[in-house]
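Here is the structure we will look at.
The values are calculated or read from the model by the stated rules, or taken from the named source; none is laboratory data. These figures come from a predicted structure and were not determined experimentally. Virtual Cβ from ideal backbone geometry, glycine too; neighbours counted across all protein chains shown. For accessibility, only protein heavy atoms count, side chains too; no ligands or nucleic acids. Shrake-Rupley method; radii C 1.70, N 1.55, O 1.52, S 1.80 Å.
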Amino acid sequence: MAPTPLRRAVAVSLLIALLAPAACKSAGPEPGFAGPEISSTPTASTSPSPSASPSPSVQPSPAGFKTLQWYLERAPEFPAAPAPQRVKVPESASAMWLSRVPTTNKVAFITIDDGALSRKPEVIEFIRQAKIPVTMFLNSPAATKYTPYFKAIQEAGGMVENHTITHTSLKGKSYEFQKKEICGSADKLAKLFGRRPTLFRPPFGNKDATTLKAAHDCGAQAAFFWTQTVDKGIVRYQTSKKVVQPGDVLLMHFRPALMDDLLGALNAIYKSGLTPALLEDYIG
């Protein structure tokens, strides 16, 4: 029996219902639920790989780092120091007390104290190559612990003098206490460096009459204060005249910025029309 129009319509409807699910499975996601677009070509990362490390050969120098050559290029050139004028040491039971060497020569003196805090190796070469005359007032324990370092400066032209054992303020202490501090250090420094100190600087510059007597009895001809200090390359004047005068004694310490201090002292001496000289050539 031939199909009637009604049967054909029912058959078509059934066929459409069966094909609809298959069509939905083959279609892409609806626009409202589309995920992020993924490129088939990798893109460059904007952050370095965690395992990557820069080569040491291309690392920049630390900020503020200055080489030995940098200091040598900035050190002024001085004329030869004049012939020393030896200071006459009066006969006395006490060491002379000086903050300035009595001389008319156009010279100034660089002194470095302590020794325990910092001992950069480039200081040795700066002193050697720039021919800087320095006097080191050392505490004997530091000198004992770091003897090769201070011997290297001694070999470069520096001199070793006395700054006590324990760096204790001596003023007001008994004669026995002060003599032990000064003589004990002098004895040790003589053994270490082959020369007994003839100059003395009391810690902090603090002294009394007993200090000068004890220093004399331990072999010191003179004890020293200072006229300028230098720290972090800055020269601090002790008088209203912002100039280094003939015979002035500049004080600095074995601190991390000693290279800057030495250069600052040299420039101050040069601008004042003077030349650095060795303290022991004038006294001691």
Practice task
Return the total of residues in the stretch 185-213 being open to solvent by 10 Å² or more (accessible area, probe 1.4 Å) and either in contact (Cβ under 8 Å) with a residue 60 or more places away in the chain or in contact with a helix residue (DSSP H, G or I) (Cβ under 7 Å, 6 or more places away or on another chain) (or both).
Solution key: 10
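Answer with yes or no whether Arg86 is more than 23 Å from Asn267 (Cα to Cα), at pLDDT 95 or above and open to solvent by 90 Å² or more (accessible area, probe 1.4 Å). Don't jump to the end; show me each part of the working.
Working: more than 23 Å from Asn267 (Cα to Cα): yes; at pLDDT 95 or above: yes; open to solvent by 90 Å² or more (accessible area, probe 1.4 Å): yes.
The answer is yes for Arg86.
Condition check ((1) assigned to a loop (DSSP other than H, G, I, E, B); (2) open to solvent by less than 40 Å² (accessible area, probe 1.4 Å)) across all residues:
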residue: Trp97; (1), (2): no, no
residue: Pro102; (1), (2): yes, no
residue: Asn105; (1), (2): yes, yes
residue: Thr111; (1), (2): no, yes
residue: Ala116; (1), (2): yes, no
residue: Ile124; (1), (2): no, yes
residue: Met136; (1), (2): no, yes
residue: Ala143; (1), (2): no, yes
Problem - Complete set of residues in the stretch 249-265 that are surrounded by fewer than 24 Cβ atoms within 10 Å (Cβ to Cβ) and closer than 25 Å to Gln85 by Cβ - result: Val249
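Look through the stretch 229-242, keep the residues that are part of a loop (DSSP other than H, G, I, E, B) and out of contact with any Leu (no Cβ under 9 Å at 6 or more places or on another chain), and return whichever of them is surrounded by the fewest Cβ atoms within 10 Å (Cβ to Cβ).
Initially, the stretch 229-242 is screened for residues part of a loop (DSSP other than H, G, I, E, B), giving 232-233, 238-242.
Subset that is out of contact with any Leu (no Cβ under 9 Å at 6 or more places or on another chain): 232, 238-242.
On the way: Lys232: 12, Gln238: 14, Thr239: 10, Ser240: 5, Lys241: 9, Lys242: 12.
The residue in question is Ser240.
Can you say whether Glu181 is among the acidic types (Asp, Glu) and crowded, with 22+ Cβ neighbours inside 10 Å, as far as the supplied structure shows? It would help to see each step written out before you state the result.
Details: among the acidic types (Asp, Glu): yes; crowded, with 22+ Cβ neighbours inside 10 Å: yes.
Judged against the criteria, Glu181 is a match.
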